[in-house]
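Participant: Dumping the structure here so I can ask a few things about it.
The values are calculated or read from the model by the stated rules, or taken from the named source; none is laboratory data. Given the structure is predicted, the values throughout are model-derived calculations rather than measurements. Reconstructed Cβ throughout: ideal geometry from the backbone, glycine too, with neighbour counts over all protein chains shown. Please note that ligands, DNA and RNA were not included when accessible areas were found on the heavy atoms of the full protein model with its side chains. Shrake-Rupley method; radii C 1.70, N 1.55, O 1.52, S 1.80 Å.
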Amino acid sequence: MEEPLVLVTHDAGVRTLTLNRPKALNSFTAAMHGELAAALEAAAGDPEVRCLVLTGSGRGFCAGQDLADPSVAPNLAPGAAPTDVGATVERFYKPLALRVRAMPIPVIAAVNGVAAGAGANLALCCDLVIAKRSTSFIQAFAKIGLVPDCGGTWLLPRLVGRARAIGLAMLGDKLPAEDAERLGLIWKCVDDLVFDAEVRAVAQRLVAMPTRALAATRSAIDAAQHLDFAAALSHEARLQTTLGASHDFLEGVDAFMAKRAPLFTDR
Ligand code: T3D
């Protein structure tokens, strides 16, 4: 039997999806896109899942598009019709980025190894990016004549500012995880030896938090990027109206007043 291209495990509220094409640094084929989309959908719909961890098997996180995949690789024969790369982006990377950004649960990218091309930007789509100190992020697109996709053009300037976004995207240099943290591209770079324990600890913390409020926090911060200040304030008020009627809000306040740990259950 063939190995799954996305390994799915579940432990105490944490769903872990592991991209599993280690020989090709977990680069994306159409089949891996299909398995990942199904696994994300399943996690989104499962009330037992309160945090998602996305990681890779072997020594890479994800090297972006599999450039050897016959369904997307350009036909190099003289005069051959061009491959519609944009169609691949529309079919796979756009829905993937949108799905990750709209998950009803917090999403951690556990960057265990090199993250390149769409693999780097998939990580940046996640809420918290935790990376091994030994690894790096590469906007590899310019090296093969493309622009950053999977949200890269939107995410990079917002995370690190225009000057750094342009430098990273045009030069396509390896950015070590330590520098990625220093620039604000990712949440945290941690020593390799404590990486697994750190990811587990953060995931467990998120599991115990008010999931619905965390997802609303992400969507409010994203929405505020294209709102003026007054509109953002109004949006916050609308969200507070919804969350203020939730079980978790009542539970959070009750627990605070009673000086006990809250038990959040909304999703
Ligand atoms: O249709 C479309 O194309 C639209 C979508 C575009 C989205 C994109 O992501 S475009 C960008 C695609 N990705 C890249 O250009 C990255 C290519 N990979 C690399 O530059 C390097 O592999 C890395 C810098 C990521 C890692 O370098 P290194 O030296 O650690 O490893 P390596 O030896 O290059 O790779 C190990 C194996 O993985 C190797 O196979 P082999 O020789 O052992 O059989 C290599 O060919 C394979 N591999 C790595 N990346 C890809 C890949 N195979 C297919 N596609 C890849 N992207």
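Participant: Round to a whole number: what % of the accessible area of the range 130-267 belongs to carbon and sulfur, probe 1.4 Å?
Facilitator: After summing per-atom areas, the C and S share lands at 62 percent.
Participant: For A37, put the label point 7 Å out on the Cα→Cβ axis and report which residues of the range 114-131 keep their amide N under 18 Å from it.
Facilitator: So the set is 118-119, 122.
Participant: Using 1/(1 + (r/R0)^6) with R0 = 30 angstrom and r between the beta carbons of A201 and A102, what's the FRET efficiency to the nearest 0.05?
Facilitator: 0.70
Participant: Residue by residue, what Karplus-based ³J(HN,Hα) values in Hz, rounded to whole numbers, does the range 135-143 have, using 6.51, -1.76 and 1.60 with θ = phi - 60° and x for Gly and Pro?
Facilitator: Coupling constants for the range 135-143: 9, 8, 10, 9, 7, 7, 4, 4, 5 Hz.
Participant: Compute the long axis of helix 162-171 from its Cα atoms, compare it with the longest principal axis of the Cα atoms of the chain, and write down the angle in degrees, 0 to 90, nearest 10.
Facilitator: 30
Participant: Return the single residue from I108, I186, I166 with maximal mean-square fluctuation; model: Gaussian network over the chain, springs between Cα atoms under 10 Å.
Facilitator: I166
Participant: Given a cut-off of under 8 Å on Cα pairs at least six residues apart, what relative contact order in percent is computed for the chain?
Facilitator: The normalised contact order for the chain reaches 16 percent.
Participant: For K143, go through the lysines and keep the ones whose alpha-carbon is under 30 Å away, minus same-chain ones fewer than eight residues off.
Facilitator: Candidates past the 8-residue exclusion: K23, K94, K132, K174, K188.
Participant: At 1.4 Å probe radius, can you tell me the per residue accessible area of the chain in Å²?
Facilitator: Per residue, the chain has an accessible area of 52 Å².
Participant: Something else now. Taking springs between alpha-carbon atoms closer than 10 angstrom, which of A68, A97, A231 fluctuates most in the Gaussian network model of the chain?
Facilitator: Comparing A68, A97, A231 in a Gaussian network model of the chain, the most mobile one is A231.
Participant: May I ask you to evaluate 6.51 cos²θ - 1.76 cosθ + 1.60, the Karplus curve with θ = phi - 60°, for each residue of the range 120-132 and list the ³J(HN,Hα) values in order in whole Hz, giving x for glycine and proline?
Facilitator: Working through the residues one at a time gives 5, 6, 4, 4, 5, 5, 6, 6, 10, 9, 10, 10, 5 Hz.
Participant: Kindly provide log₁₀ I(q)/I(0) values, in the same order as q = 0.12, 0.15 Å⁻¹, from the Debye equation applied to equal alpha-carbon scatterers of the range 169-267.
Facilitator: -0.64, -0.88
Participant: Hey, could you pull the Cα Rg and Dmax for the range 211-258, both in Å?
Facilitator: 12.4, 40
Participant: How many nm is it between the label spots at S134 and E251, if each spot is 7 Å from the Cα in line with the beta carbon?
Facilitator: 3.9
Participant: Separation of the range 130-183 and the range 13-81 by C-alpha centroid, Å?
Facilitator: 19
Participant: Let me ask something additional. Would you compute, for the Cα atoms of the range 93-174, the largest minus smallest coordinate along each principal axis and list the three values in descending order, in whole Å?
Facilitator: Taking max minus min along each principal axis of the Cα atoms, the range 93-174 gives 35, 28, 22 Å.
Participant: Still on this structure, please answer the following. Restricting to Cα pairs below 8 Å that are 6+ residues apart, what does the relative contact order work out to for the range 135-267? Please round to a whole percent.
Facilitator: The value is 19 percent.
Participant: Then there's this: For A30 and A81 in one chain, what is 0.36 nm times their gap in residues minus the Cα-Cα distance, to one decimal in nm? Could you put the intermediate results ahead of the total?
Facilitator: On the way: separation 51, 0.36 × 51 = 18.36 nm, distance 2.05 nm.
Computed gain between A30 and A81 is 16.3 nm.
Participant: Given 5 Å bins starting at zero, what is the percent of C-alpha pairs of the chain in each, up to the one with the largest pair distance?
Facilitator: 1, 6, 12, 16, 17, 17, 13, 9, 5, 3, 1, 0, 0, 0, 0
Participant: Let me know the Kirkwood hydrodynamic radius for the range 58-119, please, with Cα pairs as the basis and the value in Å to one decimal.
Facilitator: Result for the range 58-119 stands at 13.8 Å.
Participant: Right, another one. Cα axis of helix 195-207 to longest principal axis of the chain: angle in degrees, 0 to 90, nearest 10?
Facilitator: For helix 195-207, the angle is close to 40 degrees.
Participant: Quick one: helix 247-258 against the long Cα principal axis of the chain, what's the angle to the nearest 10°, folded into 0 to 90?
Facilitator: 50
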